[in-house]
Amino acid sequence: MLSENRVLLIVSGGIAAYKSLELIRRLKERGAAVRCVLTRAGAKFVTPLSLAAISGDTVYDDLFSLTAEAEMGHIELSRDAGLLVVAPATADIMAKMAGGIADDLATTLLLATDKPVLVAPAMNVRMWEHPATRANVEMLAARGVMRVGPGVGDMACGEFGEGRMAEPDEIVEAIEAYFRGAGAAVTPSRGKSPEARRLAGRKALVTSGPTHEAIDPVRYIANRSSGKQGHAIARALARLGAETTLVSGPTNLADPAGVTVVHVETAREMLEACRKSLPVDVAVCAAAVSDWRTADAAAQKIKKNGGGGRKLELVENPDILQTLASAENLRPGLLVGFAAETEKVIANAKAKRRKKGADWILANDVSPASGTFGGDRNVIHLIDDSGVEDWPPMSKDAVAGRLAQRIAEQLAEEP
Ligand code: C5P
């Protein structure tokens, strides 16, 4: 219970601000007195009226309000509270806290207060991972600012990752832990949160991009794969702490941070690089490997001779996914393949899962109308031995994040 405890809740401007209404309700149910301060951006997401109605108190939003100053000076506001809670805490307000900026009522209070502060960060995963935010979070933690969350999950912006504000119940729990004197339960952030280390100690292999199969020194057979999905998967696995090797065919993409990247051209080189990275706990074959290569790549540039046509003799390339599946002692613990289909997506993908010996197949429609190849979005159907799971349309980054979480859950179940 929180009776007799007074919380000053600062609501800054993020989509998660709607959750602060629920937070106030739960705190009041437990007997806490809640008074709210709303930033200008916060007021774009929740109204002062709804905060006032639920908290049963005046909502403060103006540093220079004569009425508010007459009734309750801004210094008084924090003096009156046992704990300051910033929920949602945007990247912006945390940067201001770290930098000692006081340019509105909320930040002035945070700079002037001598009371403990708990932040519940909420932002896009890239903002959360940006070195500027990381440095600010570290600095605030070093100064004793407590933190709850953020969690991992789907975001309002359509992405997936770390940055979702903790749920109201978790924030209440953190506040109760503080007032109980168990402040450690709301561990000040140092380094990555436990969610970010779910694959620590695990090894992952990802293939990505197309392969190029030489016809002669200047021409090659290739396909339209951009490598975006495979690279995003490698990045997502590394983010969860996996020691990740990415074997990539030729792409225009930068090497993902924190990943060991092996650059290859042909299917046979890709297979060789994959073999060298074994054993791994999980392998995700996202590369669009060329099914065929020329039987004999010419040593010199082939010349036109007299307008006639020319036949190319092709031989089949090794199937990397299938080879990994049958790699006796070295078979990856969890083997994931993709099935890019232009028709009968599910039926073809199920057949592919059986034929290649993969544990999971992520089927996606790559018909020209879908815009998947080269695009940023994907529609996935995950096929495993128990059936088909349809994922909603999402960005390739979000697919990667969701897949990495599923992999972490699966590996956690293993002995
Ligand atoms: O047979 P298909 O190319 O549609 O199979 C797709 C899946 O198999 C993908 O996971 C792809 O990375 C993998 N594959 C492979 N080696 C090949 C062909 C496909 O690993 N030679």
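Based on alpha-carbon atoms only, what is the radius of gyration of segment 208-249 relative to the globular estimate 2.2 N^0.38 Å?
Rg over 2.2 N^0.38 Å, computed on Cα atoms: 1.48.
All other residues with a Cβ under 12 Å from the Cβ of ARG235 taken together, and with Lys, Arg as +1 and Asp, Glu as -1, what is their net charge?
+1
For a footprinting-style exposure proxy, rank ILE221, ILE233 by other Cβ within 10 Å, fewest first.
By the 10 Å Cβ count, ascending, the order reads ILE221, ILE233.
Compute the angle between helix 345-356 and the longest alpha-carbon principal axis of the chain, please, reported from 0 to 90 degrees and rounded to the nearest 10.
70 degrees
Helix 267-277 sits at what angle to the longest principal axis of the chain, using alpha carbons and giving 0 to 90 degrees rounded to 10?
For helix 267-277, the angle is close to 50 degrees.
Of the options THR133, ASN378, TYR18, report the single residue whose Cα projects farthest towards the positive end of the charge dipole of the chain (beta-carbon charges: Lys, Arg +1; Asp, Glu -1).
Checked the options; the winner is ASN378.
Would you mind computing Rg(Cα) / (2.2 N^0.38 Å) for segment 245-297, counting N as its residues?
Computed over Cα atoms of segment 245-297, the ratio equals 1.21.
Between ASP385 and TRP292, how many nm apart are label points set 7 Å from Cα along the C-beta direction?
Simple spin-label model gives 3.6 nm for this pair.
Calculate, in nm to one decimal, what ASN348 and ARG79 gain on full extension: separation in residues at 0.36 nm each, minus their alpha carbon distance.
Extending this stretch completely gives an extra 90.2 nm.
For SER395, what charge total do you get from the other residues with a beta carbon under 10 Å from its beta carbon, if Lys and Arg give +1 and Asp and Glu give -1?
Around SER395, the charge tally is 0.
Based on DSSP H runs of at least 4 residues, each adding -39500 (n - 2.57), what is the mean residue ellipticity at 222 nm of the chain after dividing by all its residues, to the nearest 500 deg cm²/dmol?
It comes out at -9500 deg cm²/dmol, rounded to the nearest 500.
Quote the Stokes-Einstein diffusion coefficient, in whole µm² s⁻¹, for the chain, based on the Kirkwood radius over alpha carbon pairs, a temperature of 25 °C and a viscosity of 0.890 mPa s.
Estimated diffusion coefficient is 101 µm²/s.
Of LEU111, LEU23, LEU362, which has the largest mean-square fluctuation in a 10 Å C-alpha GNM of the chain?
Checking each option, the largest mean-square fluctuation is seen for LEU111.
Can you tell me the 0 to 90 degree angle between the C-alpha axis of helix 131-142 and the longest principal axis of the chain, rounded to 10?
The two axes meet at around 40 degrees.
Based on the mean of other Cβ atoms within 10 Å per residue, sort peptides 138-151, 198-211, 255-268 so the most packed one is first.
198-211, 138-151, 255-268
Taking the Cα centre of segment 6-195 as origin and charging only Cβ (+1 Lys, Arg; -1 Asp, Glu), how large is the dipole, in debye to the nearest 20?
Around 300 debye, computed over segment 6-195.
Which of GLY31, VAL280, SER326 sits closest to the plus end of the dipole of the chain, meaning its Cα is farthest towards the positive end, when Lys and Arg get +1 and Asp and Glu get -1 on the C-beta?
SER326
Compute a Gaussian network model of the chain, connecting alpha carbons closer than 10 Å, and tell me which residue from GLU328, GLU173, GLU162 fluctuates the most.
Between GLU328, GLU173, GLU162, it is GLU328 that shows the largest mean-square fluctuation.
With the Cα gyration tensor of segment 6-195 in hand, give its eigenvalues times 5 under a square root as the equivalent ellipsoid semi-axes, listed largest first in whole angstrom.
24, 17, 17
In the neighborhood of ALA358, defined by Cβ-to-Cβ distances under 12 Å, what is the net charge if each Lys or Arg adds +1 and each Asp or Glu adds -1?
+3
Within the chain, what percent of beta bridges assigned by DSSP are antiparallel, to the nearest 5?
Taking every DSSP beta bridge with both residues in the chain, the antiparallel ones total about 30 percent.
Please compare each pair in LYS228/LYS276; LYS19/LYS96; LYS311/LYS352 to a cut-off of 25 Å on the Cα-Cα distance and tell me which ones are over it.
Listed pairs above 25 Å: LYS311/LYS352.
Where a number appears in this text, it was derived from the coordinates with a stated rule and is not lab data. Values in this document were obtained by computation on a predicted structure and should not be read as measured data. Glycine also receives a Cβ, built like all others from the backbone with ideal geometry; neighbour counts cover every protein chain displayed.
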